[in-house]
Structures are given as C-alpha cells and as structure tokens.
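Report on the following structure.
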Amino acid sequence: MFEKAFALIFNTDHELFAIILLSLQVSLCALCLASIAGVPVGALTGLKKFRFRGGVVSLLNTFMGLPPVVVGLCVYLTLSRSGPLGFMSLLYTPSAMVIAQTILAFPIVASLTHSAVVGVDPVIKQAAKTLGASPLQESLTVVKEARYGITAAVIAALGRVMAEVGAILIVGGNIAGYTRVMTTTIALETDKGNFELALALGIILLAISLLINVVLHMVQRKGHFQDKK
Amino acid sequence: MSLRLSIDRISKSYDGNAVLDGCRFEFEAGKTYALIGSNGSGKSTFLRICALLEQPDKGAVRFFCGDAEQPHEIPLKRKITLVLPKTGVFNSSVFNNAAYGLKIRGIAGNEIKEKAARILKLVKLAGKSAQNAQTLSSGETQRLGIARAMVFEPEIIFLDEPTAFVDAESKGIIEELISKFKDRQRTVIIATHDLHQAERLDSQILSMTEGRLKLL
C-alpha cells in the first residue's frame, strides 16, 4: 500500500498534483487575507489603549479555538441561496473555501501578533521616543521589534488552514477537479477504501506540516536567540 | 539660535510621595551641568520631565529659542534627547541602531552612512557595525546608546548616569565623547554620583536633595 502511495507521489500523478496545487492556492490566499487584516488588528490592540481593548483581546483568544464545522456552517448559511450573500453565488467554489479559512486564520494571526507586540521590552518604545520618533514611528519600531513573533503567528495560522477539513468540506462541497483539496480528498478516499491516494496525500500533508513546523521553530529560535543576547 | 531650557517650579509625586518639590532653574545654552544627589533624590524624574517624557504635576518646562518659547511638539523633541542608564538597543545591527535617529528625521542615505560611521568610530564600535546590537557587552551597549543619541547632534542632551554600569575603558570613551559634544556649544545635563566626573567634564554642579535643586 505504501509502495503504491509513494509511486503516486514520485510518478507525478496529475490528479494528485492538481489537488495539492488547489490546497496551497486556497490556504495561501486565506493566509494572505488573514494576515493583511490580522497583523494590523493584533498590532493595534498591542500598541494602543482604548475602550473594550481587554474584551477584543479576549474575543480574539476565544476565536483561536473556533470549531471549523461551526465556521463552515455559518459561512454556508451566509453564502447559500437564501442567505444574505447568496446572490454572489460563491457557495461550492474555491472562494467560499478561502472565506472560511480566512475566518479561521484571522484570530490566530491577530491574537499571536498581539502577544508578540505586547512582549516587546517597553524600553524599546522609550528609546524610540527619546531619539525623536513620532507616535507612528514609535509604533512601527515596536512592530519591527516584534517581527519574529509576528512571522511565527503567520506560520502558525498556515499550519491551521493547511490541516483544516470540516469548514471547507461544508462550503466547498469536495467537487472533483474544482474544490477538492488534500484534506477533503483524504476523507473521501478513505471512505471509498482507496487508501493509496489517501496515503499519498497524507504523506505530502505531513511533509508540508513538518516543513511549516521546522520554519516556525527556526523563526522562534532566531527571535529567542537574539532576545537572549 | 541655541535652545535654552527653563524650569519653573516643577513638582512631581508618585502615590502621594513627593519626588520633586518646586524645582526651578535656568539652564544656559552651550553649558554643561552635573546633577548630583543620592539614590531616590529625584534626579531621574527631573531628567525625564525635562526631556518631555513625563509631565510635572505642577510647574512648567519651557524651551526657548531666543525669546520665542517652543511648543512641546516633534520639532522641539527632535532637538533634545535623553540617554537612560540602561540603554535599550533595537534588535538590529549596530549600524542601524546608530543610524536610527537620522533615518526617522528623513536624512539622505549617504549622509546617514557618513555620520553613523563617524560616530561609531568615535565610540570604538566601527569594527562591530554589522553585528547585532543585542550581542554587545553592557559597556559597548552604553557607548552605542550615547552614540545613537549624539549622531543627530541634539541641542540639549540629558544623560542619566551614563557610566554607572560600565568599565573604566568605556567610561573614558564616553567622557571623551561628551567633551567633544560640549565643545560644539551643545548643552549637556548629566546625572552622576561621581563628583570627579563632574569636574573632569568642567561642569556646573547642581545638587538634588529631597526633590529640591540647588546650584553649588
């Protein structure tokens, strides 16, 4: 069984690589959107004191553990024909999968960015101020100091969306050649008893997860190493 | 025209404990002042208020250019600076740290390179310009902190015990740098426990006792 799975990988099976490509496209697109929104929100909650800041941070922390099927259900109801955004005809398209994954990734990016910014030594902000930085330059300096933590936040969110199955299965519909991605294919092929393809995809997904974790570890080590020095 | 600092009866207290009690003084432009006093006498608070990092509870800190009072806004804040006893350096190269004050002022790249290289040479860190600043020793970090503050040639520099945590070599380098700075007709206000240092820097000595300032 493993031999056949590896044969599928090394013989560059067209169907297999189309699935991998779509998985990467959907996940990276969702990650980009989540980062564009999540990094500024996380930085803002870390830098500025405003009313309900504690509530916003608690909400972000809570949403880090959002159950994917609940997100899938909510996106489904919103995009279904009778839903408020039904007129856009996005249900069962890769765009719907991107929306669901963005919702899952956003709180992770925002919350971990918040922690990274809050973790910057206050003396850095003070140093920037004494050197004549404007309030905006001060904030940018603090965010720059938190760059390793912010990178780790983005990588952690990528890990979450790459491994996600529940939400995208509901909103994507697992349509062959259109919305079928690695995780949904593994679920389907396992049900069908086609373990070779499921295993091949499982191996690739594990390899990608391993790569993400290695990069995350390297980023965290680099930040930690420089903090210690 | 040089920037002049006037302190008008400033008071400050934390949790009901008075730290500064009606301090007043006129600092002449281009002179060096040494602020002496025991630990907890209010020297650091005084410098932080003068450097506009904190507000006094009462009284006022005023800066004048000729007779014109300067508003406490970014243009004024870019003419003064404070170096803390333990400098926080940015997680970047020694060069980038030295160049920070120039970059945020929008100075051109070539001028930044030239000025940052020159100041690093003065504090004997030229050979470490590509090194991460957080890998420097405490003495080197303090030298970098002072270089970083002097590179944009502020008109008034406040130094809060700049040699408190450094070895004799770094102390010598820092004092030499301060002397060169004051030779350029800049105002230096330094908090120190070292009376000999105050004499070496040819400074007027101000004593801070129980939150009150007195010229000795």
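With only Lys, Arg, Asp and Glu charged, each at its Cβ (+1 for the first two, -1 for the last two), find how big the charge dipole of the range B:3-215 is about the Cα centre; round to the nearest 20 debye.
On the way: 31 positive and 26 negative charges, 115 e Å.
The calculated dipole for the range B:3-215 is roughly 560 debye.
Only bridges whose two residues both fall in the range B:3-215 count here: according to DSSP, what percent of them are antiparallel, nearest 5?
Values: 21 of 38 bridges.
Taking every DSSP beta bridge with both residues in the range B:3-215, the antiparallel ones total about 55 percent.
Give me the percent relative contact order of the range A:17-181, please, defined on Cα pairs under 8 angstrom at least 6 residues apart.
Values: 234 pairs, mean separation 62.1, N = 165.
In percent, rounded to a whole number, it is 38.
Search the structure for amide H atoms under 5 Å from the amide H of residue B:205, placed 1.01 Å from N in the peptide plane, and list their residues when 5 or more places away or on another chain.
So residue B:205 has HN proximity to B:34, B:216.
Can you tell which of B:162, B:185, B:195 lies farthest toward the positive end of the dipole of the range B:144-195, using +1 and -1 charges on the Cβ of basic and acidic side chains (Lys, Arg; Asp, Glu)?
Final value for the positive-end residue is B:185.
Inside 10 Å of the C-beta atoms of B:82-92, what's the mean count of C-beta atoms belonging to other chains?
Numbers: counts 5, 3, 4, 0, 1, 3, 11, 3, 6, 12, 4.
Mean partner-chain Cβ count within 10 Å for B:82-92: 5.
Assigning unit charges at the beta carbon (Lys, Arg +1; Asp, Glu -1) and nothing else, what dipole magnitude in debye, to the nearest 20, does the range A:17-181 show about its Cα centre?
In debye, rounded to 20, the range A:17-181 gives about 320.
To the nearest µm²/s, what D does Stokes-Einstein give for chain A at 10 °C and 1.306 mPa s, using the Kirkwood radius over alpha carbon pairs as Rh? List each step's numbers first, then the result.
Values: Rh = 19.3 Å.
D = 82 µm²/s.
Which of B:14, A:148 comes first, and how do the rest follow, when ranked by fewest Cβ neighbours within 10 Å? Walk me through the numbers before you get to the answer.
Numbers: B:14 9, A:148 20.
If I rank by nearby Cβ atoms, fewest first, I get B:14, A:148.
³J(HN,Hα) across the range B:155-172 via Karplus (A = 6.51, B = -1.76, C = 1.60, θ = phi - 60°), whole Hz, x for Gly/Pro?
7, 10, 10, 9, 10, 9, 6, x, 10, 5, 10, 10, 7, 4, 5, 5, 4, x
Go through the range A:51-65 residue by residue and turn each phi into a ³J(HN,Hα) via Karplus (6.51, -1.76, 1.60, θ = phi - 60°); whole Hz please, and just put x for glycine and proline.
Going residue by residue, I get 4, 6, 4, x, x, 5, 5, 4, 5, 4, 4, 5, 6, 4, x Hz, with x marking Gly and Pro.
Please list, in order along the range A:118-127, the HN-Hα scalar couplings obtained from phi with the Karplus expression 6.51 cos²θ - 1.76 cosθ + 1.60 (θ = phi - 60°), rounded to whole Hz, x for Gly and Pro.
Result, ordered by residue: 5, x, 6, 3, x, 5, 5, 5, 5, 4 Hz.
Where Rh is the Kirkwood radius over the Cα pairs of the range B:3-215, the temperature 25 °C and the viscosity 0.890 mPa s, what D in µm²/s does Stokes-Einstein return? Walk me through the numbers on the way to the answer.
On the way: Rh = 17.6 Å.
Value of D from the Cα-based Kirkwood radius: 139 µm²/s.
Ordered by packing density, taken as the mean number of other Cβ atoms within 10 Å over each peptide's residues, highest first, how do B:153-159, A:169-175 rank?
Values: B:153-159: 23.3, A:169-175: 21.1.
So the peptides B:153-159, A:169-175, ranked by packing, come out B:153-159, A:169-175.
Every number in this text was worked out from the coordinates using simple rules, so none of it is lab data. Given the structure is predicted, the values throughout are model-derived calculations rather than measurements. Please note: Cβ atoms are built from the backbone with ideal geometry, for glycine as well, and neighbour counts cover all protein chains shown.
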